Amino acid sequence: MKLPKTTLATAASPTAGSVTPDDRIEQSRLAQRRADKWLIAGTLLMGANVPGILGLPLFLWGLRLLRQASKAGLSVRPIMVTLIGYLVILDAGLNLQGWILDMIGNHTLIYRVLYTAIGNVMDGGYFWHYNQLWIGGASAPGEKSWEWACILVVFPMRIAAAIAFLQMKRWGHQWLLVTCWFGVVIWVGYVMNMTEYADIRFAGIVFPVLGWWVFDVMYITPFLAIPYLHTVNREIFSDDEKSMSASNADVESSGESAGDDLPPGTTKQWAGMHNWLKRGIMVCLVGLVIEGAFTLPFLAVWYGYPTLSFRDICSELMKVRYSNESLECRYPYPFPGPPINGAPEGAGITTAKDQWGIQPVPQYPRLGFRELVRIHDQRIARQKAEHDAATPHP
Amino acid sequence: MNERDRQRRRALIVFQIFIYGYLLLMFGIQLSMWATRNW
């Protein structure tokens, strides 16, 4: 429902004697609901990668509505809580999407093209011996352990906690804190794993080290959320079902934030830090949207689309991965695929060149911009010439 | 700022130094590997 400006202004006016507290709570609820519709629509689009660029304006519009309602004196969710809640959902959702696909969608054509392409560009763990293990695509040591732990435990918990956090529930705040510390554990362990097996991750790929860091640094959400969660005034979160307006009213009446023009939950001594965190969160949010929207099209073009079809790219990447010109990408792959039915695509292929040792080092060549097109065309020309030479002239 | 807030601030500073320091260290190790290995 659209709240007219006059309604907001009336609610904000100290002389608005005709507005009862119940009216004000109802106006606040409607304003919150209206903003959330835009915020949810924006977040869903931002989580869908390429359409994310359309989702960002919707999300920002929702934030604007929320700020207007707040300035008009309505009791709505603080901007920081909104930003952290939705960013956590976006961060966990994007990770969940990628890793679930790696686990069960690893024989789909789009995944074999775009996600192994990401592997070839910035993280060899998603390219090296891809689709050779009994389950899932990535073969990097330890990767599957992280994937299972995060798919089954951490990310669903984070999303559930963030939803409750957005509803201003006390358990949402508590569980978001717990799962943000999980996020610290994941970062510390995952980065160590990458560094330990750095040869697999970075040898022969397009942008070693820098590519992964530039792309993944946008996922540092927990480090930005933790300081806020530890310093926010917890009284704004409530066990009450109708927690939004009740808890905000509590804070306002407690006088902690009131009178200083500070948002609910932010006290004077932490206001500066909360401001900096807000800026960091906005940078991460915009960064995630930009990389989500542009990475996959960029990869498709880098690896030869539209000159090469997705199936051609899939086959060319396989030939490079396994140093074997005879390999072709199997499409469509029989459904349901491995491990339920049949062996993975790479099973039994022994032609991949690696320098084996305690740390395997991949020996595939680095692929330049649209180099697959050149490799593809040269091979076709060579095969045609060989065929012509072998065919007797009449 | 009361004593509890002061302790909280100190803990958060330690946490920030630890976590960003750790990431920078790992990044630095990977950069040094890149410089010395045939990637």
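Residues checked against (1) surrounded by fewer than 20 Cβ atoms within 10 Å (Cβ to Cβ); (2) more than 16 Å from the chain's Cα centre (by Cα):
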{"position": "A:A48", "(1), (2)": "yes, no"}
{"position": "A:L58", "(1), (2)": "yes, yes"}
{"position": "A:W61", "(1), (2)": "yes, yes"}
{"position": "A:S75", "(1), (2)": "no, yes"}
{"position": "A:V88", "(1), (2)": "no, no"}
{"position": "A:L94", "(1), (2)": "no, no"}
{"position": "A:G124", "(1), (2)": "no, yes"}
{"position": "A:Q132", "(1), (2)": "yes, yes"}
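Report those helices (runs of 4 or more DSSP H) wholly inside region A:149-241 carrying at least 1 residues which are at the interface with chain B (Cβ under 10 Å from one of its Cβ atoms) and aromatic (F, W, Y). Spell out the reasoning first.
On the way: elements: A:155-166, A:170-196, A:198-202, A:210-216, A:221-231.
Qualifying helices (runs of 4 or more DSSP H): A:170-196, A:198-202, A:210-216, A:221-231.
Here A:T351 clears all of (1) surrounded by fewer than 13 Cβ atoms within 10 Å (Cβ to Cβ); (2) over 24 Å from A:A198 (Cα atoms) except the condition numbered (2).
Which one of these is surrounded by 15 or more Cβ atoms within 10 Å (Cβ to Cβ), of a type in the set (D, E) and not in a loop (DSSP other than H, G, I, E, B): A:E316, A:E345? Talk me through it step by step, then tell me what you get.
Values: A:E345 fails: not in a loop (DSSP other than H, G, I, E, B).
Among A:E316, A:E345, only A:E316 is surrounded by 15 or more Cβ atoms within 10 Å (Cβ to Cβ), of a type in the set (D, E) and not in a loop (DSSP other than H, G, I, E, B).
Within region A:115-168, the set of residues being in contact with a Leu (Cβ under 9 Å, 6 or more places away or on another chain), under 24 Å from A:V320 (Cα atoms) and among the aromatic types (F, W, Y) comprises A:Y115, A:F127, A:Y130.
No value in this document is a laboratory result; all are computed from the given coordinates. Since we're looking at a predicted model, the values are computed, not measured. No Cβ is skipped: glycine too gets one built from the backbone with ideal geometry, and neighbour counts run over all protein chains shown.
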